[in-house]
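Colleague: What follows is a structure written as structure tokens; I'll ask about it next.
Just so it is clear, none of the values below were taken in a lab; they were calculated from the coordinates. None of the values given here were measured: they were computed from a predicted structure. Every residue, glycine as well, gets a Cβ built from its backbone with ideal geometry; the counts of neighbours run over all protein chains shown.
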Amino acid sequence: MSLSEAFSREPAFVPYLAAGDPSFEASLAYVEALARGGADAIELGLPFSEPIAEGPTIQEAIVRSLEAGMTPERFFEFVEALDVEVPLVCMTYYNLVYQYGDGDGPRPFVQRAAAAGIAGFVIPDLPAEEAGPLRRACDEFGLDLVFIVAPTTRGERLERMQEYVSGYVYVQARLGTTGARDEVSDHTEESLARIADWEVPKAVGFGIKTGDHAQRIVSAGADGIIVGSALVDIVAQGHAADEDTATVADRLEAKARELKEGALTGARAVQ
Amino acid sequence: MSTNSFGEYGGQYVPEALMPAIEELTDAYERYVRENEAGFIDEFRQRIRDFGGRPTPLERAEQLSQRYGTDVYLKREDLLHGGAHKLNNALGQVLLAKYMGKDRIIAETGAGQHGTATAMAAAHLDMPCEIYMGKTDIGRQRPNVFRMRTNGAEVNAVTTGRGTLKEAISETMRDWARTVENTHYVIGSVVGPHPFPSMVRDFHALISEEARDQTREQVGRLPDAVLACAGGGSNTMGTFHHFLEDDVDLYAVEAGGSSLSVDEAAGVAPNSASLSTGEEGVLHGSRTKVLQDSHGQIMESHSVSAGLDYAGVGPELAHLVDEGRVQAVNVDDVAALEAFHRLSQLEGVIPALETAHAFGYLEQEQDTLGDLVLVNVSGRGDKDLETVLEETRERDLSIAPDMEIFREVAGGSL
């Protein structure tokens with residue numbers, strides 16, 4: 001299934017986890033639990049040592065994953081080992097994409113990702129201005145390139161991004177770094193209005209923590225919701241309490257159901 | 001090729017949320033700094049003179065000249081207000097933030113020199129200021145923390161990673177992503193996304209503008225060689241800029257640390273020699289030479305000098321090295337420590353440990369640098385005295401003075 005198909009039937013729930021957090025095996029079980037819980041696509045973080053767009057929750061997940069031995073090659077093995085049907089998006093930073101392979105720009109990384117079954121990328125430190133080489137490699141191998149629209153993105157920048165984006169557009173609900181918040185920002189409706197005429201589905205992320213948040217975001221007009229830190233928190237707590245993998249996986253699955261249910265309720269409210 | 005690049009280096013690799021601020025800054029840089037709109041540069045020059053103490057002197061180093069049989073001249077940036085070249089950039093950027101209508105300043109600091117310069121400039125221009133500093137650096141640079149707090153700046157401890165400059169930059173970028181609408185990020189070196197590498201260089205280019213005129217006036221000709229230490233590269237680019245078109249050899253002296261090798265498993269490079277040993281990559285907003293492992297993860301650098309301790313380097317400097325215009329060289333911790341003591345004893349100038357690397361290279365290569373050598377004294381070394389004392393004792397360096405006096409009066413240890 002392609003990324004845009006994942007959004008085509010009903011509002012999509014797109015969870016994020018850092019691959020390999022806190023271990024390769026546990027992380028496989030966690031991602032599969034999210035799929036059982038109703039995920040329509042999944043963002044998998046490939047950890048980079050300098051994650052400048054992440055808040056503390058995901059920074060710590062990245063450290064746990066790196067300490068457990070995650071590398072780009074292990075990441076691709078991880079993707080190949082996953083037993084899920086939904087499309088997978090690789091979220092990482094440009095240096096890892098750029099360094100992979102033999103100095104041929106981003107192409108070897110994209111080629112390997114395509115072979116492993118990745119459907120697209122989100123690269124938070126790659127604005128449209130620098131994205132030409134990666135966009136071309138994605139076109140060559142049939143992968144999507146998702147861009148993030150920030151509350152501050154306007155005018156020409158939106159046009160440039162619209163030219164390059166495919167799969168879905170990631171609408172950043174508020175300024176700052178990733179992280180769960182109790183309040184959902186009011187920038188969402190404004191941001192969605194600015195890109196109302198874009199053809200790609202609009203998924204909103206940054207700060208979504210509960211089914212109620214999900215409901216509000218979808219009733220504001222989003223085609224999907226992206227949830228990271230609220231799920232990574234569950235992984236972190238399970239790891240800190242030394243709980244077994246199945247218990248943590250059940251909790252993730254339940255949280256996924258709550259969020260997906262919230263999104264569906266939000267969609268009914270719109271109708 | 002667009003103007004935001006230096007050959008294949010440079011660019012703007014930052015989160016989308018920051019891009020509008022980067023575009024606003026690029027516009028302000030073009031208008032105020034490049035075109036002197038609203039008299040910005042006039043005000044900057046007046047303030048860096050009256051508040052900062054420019055021009056700094058060019059001094060003939062008599063003992064070193066005699067020792068090496070060559071004329072050695074010192075560009076005394078250590079005499080700039082605050083004790084280092086850092087004020088040139090900090091004052092320029094805080095003033096620019098005012099012209100842009102921003103009402104809050106944030107900055108990262110490693111050794112604390114950029115943090116103290118920014119705190120001074122912010123106090124001088126009445127701007128609220130917050131400094132991010134790694135917890136390791138807070139521990140090893142306590143005097144600079146006192147100075148920043150005394151000037152009224154908040155100091156925020158960064159506890160991620162090893163708690164040094166690299167983590168402090170990442171954390172300041174995160175703050176900026178939250179507060180970009182009213183806040184200016186005063187980056188401390190010629191690194192980061194365009195326009196920072198060009199803008200920071202322009203503010204520091206006062207160093208070579210003066211030094212070039214001063215050597216011609218005082219000696220009647222240009223130097224054969226110019227030496228500056230290089231971490232991120234701010235004093236290096238400032239010292240080289242106006243000599244780039246001249247027939248003058250330029251040496252960027254990096255910290256060789258304890259070894260030029262890398263420990264891939266531990267993710268540690270026991271040096272900060274990104275120009276000499278780094279590979280092309282993307283770090284903190286620009287494409288440049290970076291100390292990284294085979295997967296592209298950034299390595300922890302190490303130098304006895306906190307101010308050179310950084311895994312990246314300015315993109316323009318990386319480009320000038322690739323072009324062959326600048327020679328990237330390095331000296332190790334021991335050579336830098338010995339040079340620190342030598343300059344202190346022979347010339348009465350206690351240099352920053354960063355600066356001492358340039359003098360370490362002068363000692364090693366004295367015969368090959370020509371008849372007239374200019375060295376930038378990028379900062380003074382008061383802040384380093386405790387570190388130097390400790391590191392010198394560990395290595396049992398014969399050049400160092402003994403500190404028995406403390407034992408005599410206290411009857412105890414140092």
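Colleague: To the nearest 20 debye, what is the magnitude of the charge dipole of the stretch A:1-147 about its Cα centre, counting +1 on the Cβ of each Lys and Arg and -1 on the Cβ of each Asp and Glu?
Modeller: That gives the stretch A:1-147 a dipole magnitude of about 80 debye.
Colleague: So, one more: Can you give me the relative contact order of the stretch B:137-271 as a percent, contacts being Cα pairs under 8 Å and 6 or more apart?
Modeller: 16
Colleague: Using only the Cα atoms of the stretch B:219-284, build the gyration tensor, take square roots of its eigenvalues as a ≥ b ≥ c, and label the shape rounded, prolate or oblate: rounded if a/c is under 1.5, else prolate if a/b is larger than b/c, else oblate.
Modeller: prolate
Colleague: Report the per residue volume, in Å³, of the convex hull enclosing the C-alpha atoms of the stretch B:233-338.
Modeller: Hull volume over Cα atoms, normalised by residue count, gives 98 Å³.
Colleague: Continuing with the same structure: Report, as a whole number in µm² per second, the diffusion coefficient that Stokes-Einstein gives for the stretch A:7-165 at 25 °C and 0.890 mPa s using the Kirkwood radius over alpha carbon pairs.
Modeller: This corresponds to a translational diffusion coefficient of 152 µm²/s.
Colleague: What number, in percent, do you get for the relative contact order of chain B if the mean sequence gap of Cα pairs under 8 Å and at least 6 apart is divided by its residue count?
Modeller: So the answer I get is 18 percent.
Colleague: Another question, then. Counting helices only, and only those DSSP H runs with n ≥ 4, report the 222 nm mean residue ellipticity of chain B as the sum of -39,500 (n - 2.57) divided by its residues, in deg cm²/dmol to the nearest 500.
Modeller: After summing the helix terms and dividing by residue count, I get -12000 deg cm²/dmol.
Colleague: In debye, nearest 20, what is the charge dipole magnitude of the stretch A:3-270 about its Cα centre with +1 on Lys and Arg Cβ and -1 on Asp and Glu Cβ, if you could check?
Modeller: 520
Colleague: In the protein assembly as shown, if the dipole is taken from +1 on Lys/Arg beta carbons and -1 on Asp/Glu beta carbons about the Cα centre, which of B:Gly307, B:Val180, B:Ala157 is farthest to the positive end?
Modeller: B:Val180
Colleague: Longest exposed-loop-site-free stretch of chain B, with trypsin sites (Lys or Arg not before Pro), DSSP loop and at most 15 other Cβ within 10 Å?
Modeller: Free of exposed loop sites, the longest segment is B:1-220.
Colleague: Here is a follow-up. What is the calculated FRET efficiency for B:Leu346 to B:Thr150, with r their C-beta to C-beta distance and R₀ = 30 Å, to the nearest 0.05?
Modeller: 0.35
Colleague: Reported to two decimal places, what Rg/Rh ratio describes the protein assembly as shown when computed on Cα atoms with Rh from the Kirkwood expression?
Modeller: 1.01
Colleague: While we're here: Net charge near A:Lys260, counting Lys/Arg +1 and Asp/Glu -1 over other residues with Cβ under 10 Å of its Cβ?
Modeller: -2
Colleague: Answer rounded, prolate or oblate for chain B, using the Cα gyration tensor with square roots of eigenvalues a ≥ b ≥ c: rounded when a/c is under 1.5, else prolate when a/b is larger than b/c, else oblate.
Modeller: rounded
Colleague: Continuing with the same structure: Based solely on its DSSP helices, what 222 nm [θ] is calculated for chain A when runs of n ≥ 4 H residues each add -39,500 (n - 2.57) and the sum is averaged over all residues, nearest 500 deg cm²/dmol?
Modeller: Calculated mean residue ellipticity at 222 nm is -14500 deg cm²/dmol.
Colleague: Now, a different point. Of B:Ala38, B:Ala269, B:Ala28, which has the largest mean-square fluctuation in a 10 Å C-alpha GNM of chain B?
Modeller: Taking springs between Cα atoms under 10 Å, the residue moving most is B:Ala38.
Colleague: May I pose another question? Compute the distance in nm between two label points, each set 7 Å from the Cα along the Cα-to-Cβ direction, one at B:Ser65 and one at B:Glu404.
Modeller: Placing both labels 7 Å beyond Cα along the Cβ direction yields 3.6 nm.
Colleague: Using only the Cα atoms of the stretch B:42-147, build the gyration tensor, take square roots of its eigenvalues as a ≥ b ≥ c, and label the shape rounded, prolate or oblate: rounded if a/c is under 1.5, else prolate if a/b is larger than b/c, else oblate.
Modeller: oblate
Colleague: Another question about this same structure. Dividing the alpha-carbon radius of gyration of the stretch B:104-178 by 2.2 N^0.38 Å (N being the number of residues), what value is obtained?
Modeller: 0.98
Colleague: Can you tell me which of B:Leu346, B:Leu80, B:Leu283 moves the most in a GNM of chain B? Springs connect C-alpha atoms under 10 Å apart.
Modeller: Between B:Leu346, B:Leu80, B:Leu283, it is B:Leu346 that shows the largest mean-square fluctuation.
Colleague: Moving to a separate point now. Mind checking which of A:Leu66, A:Phe109, A:Leu28 is farthest towards the positive end of the stretch A:20-118's charge dipole, using Cβ charges of +1 (Lys, Arg) and -1 (Asp, Glu) about the Cα centre?
Modeller: A:Phe109
Colleague: Continuing with the same structure: So how strong a dipole does the stretch B:270-414 carry about its Cα centre when Lys and Arg Cβ are +1 and Asp and Glu Cβ are -1, to the nearest 20 debye?
Modeller: Here the stretch B:270-414 has a charge dipole of around 320 debye.
Colleague: Given springs between every Cα pair under 10 Å in a Gaussian network model of chain A, which of A:Ile195, A:Ile148, A:Ile226 has the largest fluctuation?
Modeller: Answer for the Gaussian network model of chain A: A:Ile195.
Colleague: If you don't mind, another one. Treating the stretch A:1-72 as a set of equal point scatterers at the Cα positions, no solvent, please give the Debye-formula log₁₀ I(q)/I(0) at q = 0.15, 0.24 Å⁻¹.
Modeller: -0.54, -1.03
Colleague: Also: What residues from the stretch B:118-149 fall in the zone where the backbone N is under 20 Å from a label point 7 Å along the Cα-to-C-beta line of B:Val268?
Modeller: Residues B:134-141 qualify, since their backbone N sits under 20 Å from the label point.
Colleague: Let me have the relative contact order for the stretch A:3-270, percent, based on Cα pairs under 8 Å that are six or more residues apart.
Modeller: 24
Colleague: Would you mind getting me the FRET efficiency between B:Val219 and A:Arg154? Use the beta-carbon distance for r and R0 = 56 Å, nearest 0.05.
Modeller: So the FRET efficiency works out to roughly 0.55.
Colleague: Taking trypsin sites (Lys or Arg not before Pro) that fall in a DSSP loop and have at most 14 other Cβ atoms within 10 Å as cut points, what is the longest piece of chain A between them?
Modeller: A:10-153
Colleague: Mind putting together the pair-distance distribution for the stretch A:3-270? All Cα pairs, 10 Å bins, whole percent per bin, short to long.
Modeller: For the stretch A:3-270, the binned pair fractions read 7, 33, 39, 19, 2, 0 percent.
Colleague: Additional query: Picking from A:Leu82, A:Pro56, A:Val14, whose Cα lies most toward the positive end of the charge dipole for the stretch A:3-270 (charges on Cβ: Lys, Arg +1; Asp, Glu -1)?
Modeller: It is A:Val14.
Colleague: Something else about it: When the Cα centres of the stretch A:7-64 and the stretch A:131-152 are compared, how far apart do they sit, in Å?
Modeller: So the separation of the two Cα centres works out to 20 Å.
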